[in-house]
Ligand code: ADP
């Protein structure tokens, strides 16, 4: 059974906790605010009213033993930085920190957080991407240049072709990793996998190639 620690029960932290609990994971939550902790005493596996910037608190709960730690302190930048530093130094795995400003992102990166989330900014970027490219959904940046995207087959010219016949990698420089078919079946993208109108393709490519391909598919 995987267990996680979430520090800070603001809007973001609360939503991470609820989602982990819903998926049956063990979740330990820490917040300085007794009222917030009280709201979660019947939801989380274990709750603690404590200041996470106090090194002893994190040591006592063996913060390095969790499968992941989320530092969801946004507004109090000093507490967010100090807590992240203690968590990283303890040797904890999968350290995810929430940031509210770009400067905070830079500092948290320097400290060594594995992933930094800016919930409002990330959601805003996704909405903008969806508006700009309505044919591409679930866009995920893999690196500065490469992305993973999901899109629907609409062009009749691809209907009934195998991936080998469609030759997408050579012609459009995109690679189909997975297909969800309209008949309810799904498979990884193989040479002999057939594609048809309405199928959902999950593909990898550079952002430019994915955008170009979304206008063709
Ligand atoms: P959001 O924007 O996601 O609502 P906030 O920054 O408003 O996030 O909330 C952060 C939460 O972290 C609050 O519940 C606050 O009490 C808690 N918090 C702030 N500093 C500490 C700390 N040093 N230790 C533990 N919890 C903290």
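Structure summary
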| read-out | value |
| --- | --- |
| Segment 78-93 residues that are within 12 Å of residue 54 (Cα to Cα) and touching a residue at least 24 places away in the same chain (Cβ under 8 Å), paired with ones that are more than 15 Å from the ligand (Cβ to nearest atom) and part of a helix (DSSP H, G or I) (beta carbon under 7 Å, 6 or more apart) | 84/111; 85/111 |
| Subset of segment 28-58 [in contact with a strand residue (DSSP E or B) (Cβ under 6 Å, 6 or more places away or on another chain) and farther than 14 Å from residue 71 by Cβ] | 34, 37, 40, 41, 44, 45, 46, 47, 48 |
| Residue 92 under 17 Å from residue 5 (Cβ atoms), touching a helix residue (DSSP H, G or I) at 6+ places or on another chain (Cβ under 8 Å) and part of a loop (DSSP other than H, G, I, E, B) | yes |
| Check on residue 145, in the same structural domain as residue 211 (by TED's automatic domain parsing), farther than 30 Å from residue 1 by Cα, more than 15 Å from the ligand (Cβ to nearest atom) and out of contact with any strand residue (DSSP E or B) (no Cβ under 8 Å at 6 or more places or on another chain) | no |
| From the options 195, 216, 210, residue that is touching a residue at least 12 places away in the same chain (Cβ under 8 Å) and in contact with a strand residue (DSSP E or B) (Cβ under 6 Å, 6 or more places away or on another chain) | 210 |
| Scan of segment 90-107 for residues that are in contact with a strand residue (DSSP E or B) (Cβ under 8 Å, 6 or more places away or on another chain) and away from the ligand (no atom under 14 Å from the Cβ), ordered by number | 92, 93, 94, 95, 105 |
| Wholly enclosed helices (runs of 4 or more DSSP H) of segment 8-89 bearing at least 2 residues in the same structural domain as residue 109 (by TED's automatic domain parsing), closer than 21 Å to residue 111 by Cα and more than 9 Å from the ligand (Cβ to nearest atom) | 55-60, 77-89 |
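Conditions tested, residue by residue: (1) closer than 25 Å to residue 15 by Cα; (2) under 14 Å from the mean Cα position of the chain (by Cα); (3) not assigned by TED's automatic domain parsing to the domain that holds residue 202.
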{"position": "107", "(1), (2), (3)": "yes, no, yes"}
{"position": "114", "(1), (2), (3)": "yes, yes, yes"}
{"position": "154", "(1), (2), (3)": "no, no, no"}
{"position": "163", "(1), (2), (3)": "no, no, no"}
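The values are calculated or read from the model by the stated rules, or taken from the named source; none is laboratory data. Given the structure is predicted, the values throughout are model-derived calculations rather than measurements. Positions of Cβ are generated from backbone atoms using ideal geometry, with glycine treated the same way; all protein chains shown enter the neighbour counts.
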